[in-house]
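Here is the structure we will look at.
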Amino acid sequence: MHILLKNVQIIAPGAPNHGQQQDILIENGVISQIGNNISAPNARIVEGKNLNVSPGWTDVFAHFSDPGQEYKEDLQSGAAAAAKGGYTTVLIVPNTQPALHTKPQIEYVISRTRHTGVQVLPIGAVTKNIEGTSLAEMYEMREAGAVAFSDGLKPIQSPGIMLKALQYVKAVDGTIIQLPDDLSISAHGLMHEGVYSTQLGMPGKPAIAEELIIQRDLELAAYTQSKIHFTGVSTAKSIQLIAAAKEKGVKVTCSVTPYHLSLTDSQLETYDSNFKVNPPLRSRDDVKALQQAVKDGLIDCFATHHLPQDWDAKVLEFEYAKNGMIGLESAFGVLRQYLPEVPLEKLIDMLAIQPRKIFNLPAHSLAVGAVANLTIFDPEEEWTLTPAHLASRSKNSAYLGARLKGAVKGIINGTNAQL
């Protein structure tokens, strides 16, 4: 397999050829030449008006529903959705049936996704059956290929369990991922607690439910000197707490979803269940604070929180609809559309470079001799998201019909190219 990328803009923060417009020749999955006017008669030519190329993107929190709920998503369709969105690596949550809480389950994911063209990396459960009561065999899962640990969509409620988990993973230089939500406060909430929840007569999920867990876990991370990553951070105060902890030397990182950067609780006036997510869509002030935090470098990376739901789980009364929306295919378009003041270089750093640093994954090099792991995109192309753009088995996206900016043209991962 030979591929020649013609006259592409290289966006590779920290690399010598960053910002240059050149040709890239890939032979048998390896970058063999980078330069001008490369000739390769036997190669497949990829060219376009405004093609950019960067190291492959990594998503740090997605749900592929496999095993157990393959009718919503399976490992193959999830990988296809990732490729469609420009991702060459995806970390998937353990909230499957059975949960990813033992060595065989981790091995199942890795073996079933070996030939998808996207590296699917399992996040091992912190607790057995993600029940929050006793620690799972994290060391065995780490040996089998788990890259981080989390109870995923079920936040760890017990401070004692979190303390033990942070102590446990320190020995293997691991990271705990926490979706911050105190369920004793927010369990019955359907949306952000605020003006709109009052107007709509819906029970609210107060911001303090998120902020209390962040405060607690930051104290535990400081005490253990272990690494914690908060994902789905959604309030202005949450960002302030994390930024203050970073200044004190706490080993904390955080990610935010594209939908928390672009949508507000006002969208729920339509009672459209595609806007029902957890953490919930917050106020306009929170969204502005998150956008500013991206500009200021306070947020480390993005996480799609890709959460497929079938038609029956979404098309019913709002109260009974399941949380979540898919996000892999639309993430880049949403980020470019709603963060116009953030330089492209910074977005690529947060998509491609920082996630791999946070979870100790090998960096993707855009250099001669390196295995090709690339995302190809047009950062300026405007397009409308339609069901035809979706490779996921589920279609629960709040952005269907929305005008987005920045189109993914394909990925190359070794000898597998999806262009």
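Taking first residues from region 80-95 that are modelled with pLDDT of 95 or more and partners that are open to solvent by 10 Å² or more (accessible area, probe 1.4 Å) and charged (D, E, K, R), the Cβ contacts under 6 Å between residues at least 6 apart in sequence or on separate chains come to ALA81/GLU329; LYS84/GLU329; GLY85/GLU329.
I'd like to verify a number: residues in region 122-144 that are in contact (Cβ under 8 Å) with a residue 40 or more places away in the chain and either buried (at least 21 other Cβ atoms within 10 Å of the Cβ) or polar (S, T, N, Q) (or both), how many?
Residues flagged as in contact (Cβ under 8 Å) with a residue 40 or more places away in the chain and either buried (at least 21 other Cβ atoms within 10 Å of the Cβ) or polar (S, T, N, Q) (or both) within region 122-144 amount to 3.
Inspection of region 38-61 identifies no residue that is in contact (Cβ under 8 Å) with a residue 12 or more places away in the chain, aromatic (Phe, Trp, Tyr) and open to solvent by 10 Å² or more (accessible area, probe 1.4 Å).
Filtered by the rule that a residue be in contact (Cβ under 8 Å) with a residue 24 or more places away in the chain, among the hydroxyl-bearing types (Ser, Thr, Tyr), more than 20 Å from PRO180 (Cβ to Cβ) and surrounded by fewer than 21 Cβ atoms within 10 Å (Cβ to Cβ), region 263-301 gives SER266, TYR271.
Could you please let me know if ILE106 is part of a strand (DSSP E or B) and not small (Gly, Ala, Ser)? Spell out how you get there, then give the answer.
Numbers: part of a strand (DSSP E or B): no; not small (Gly, Ala, Ser): yes.
So ILE106 fails the test.
The set of residues from region 179-216 being small (Gly, Ala, Ser), without any contact (Cβ under 8 Å) to a residue 24 or more places away in the chain and loosely packed, with under 15 Cβ neighbours inside 10 Å comprises ALA187, GLY201. In region 152-172 there is at least one residue matching the filter, namely being in contact (Cβ under 8 Å) with a residue 60 or more places away in the chain and closer than 17 Å to PHE64 by Cα.
Which residue is farthest from SER255 (Cα to Cα), if the candidates are limited to region 288-301 and must be part of a helix (DSSP H, G or I) and out of contact with any His (no Cβ under 8 Å at 6 or more places or on another chain)? If you could, list the steps in order and put the result at the bottom.
If we filter region 288-301 for residues that are part of a helix (DSSP H, G or I), which is where we start, we get 288-295.
Right, trim to out of contact with any His (no Cβ under 8 Å at 6 or more places or on another chain) and you get 288-289, 291-295.
Working: LYS288: 16, ALA289: 14, GLN291: 12, GLN292: 14, ALA293: 11, VAL294: 10, LYS295: 13 Å.
Checked region 288-301; the qualifying residue farthest from SER255 (Cα to Cα) is LYS288.
Only residues that are more than 16 Å from ILE213 (Cβ to Cβ) and part of a loop (DSSP other than H, G, I, E, B): list them for region 147-192, please. Correct list: VAL147, ALA171, VAL172, ASP173, GLY174, HIS188, LEU190.
Listed here are the strands (runs of 3 or more DSSP E) enclosed by region 302-419 that have at least 1 residues being under 23 Å from VAL46 (Cβ atoms) and of a type in the set (Gly, Ala, Ser): 403-413, 416-418. Per the listing THR102, THR96, the residue uniquely β-branched (Val, Ile, Thr) and either open to solvent by 40 Å² or more (accessible area, probe 1.4 Å) or closer than 20 Å to LEU374 by Cα (or both) is THR102. Picking from residues in region 371-403 that are free of Cβ contacts under 8 Å to residues at least 60 places away in the same chain and not aliphatic (A, V, I, L, M), the one that is nearest to GLY78 (Cα to Cα) is PRO387. Comparison of ASP378, ASP296, ASP300, ASP310 shows that the only residue that is closer than 14 Å to GLY86 by Cβ and acidic (Asp, Glu) is ASP378.
The values are calculated or read from the model by the stated rules, or taken from the named source; none is laboratory data. All of these numbers come straight from a predicted model, not from anything done at the bench. Note that we place each Cβ from the backbone using ideal geometry, even for glycine, and neighbour counts take in every protein chain shown. We work out accessible area using only protein heavy atoms, side chains counted, and drop any ligands, DNA or RNA first. Shrake-Rupley method; radii C 1.70, N 1.55, O 1.52, S 1.80 Å.
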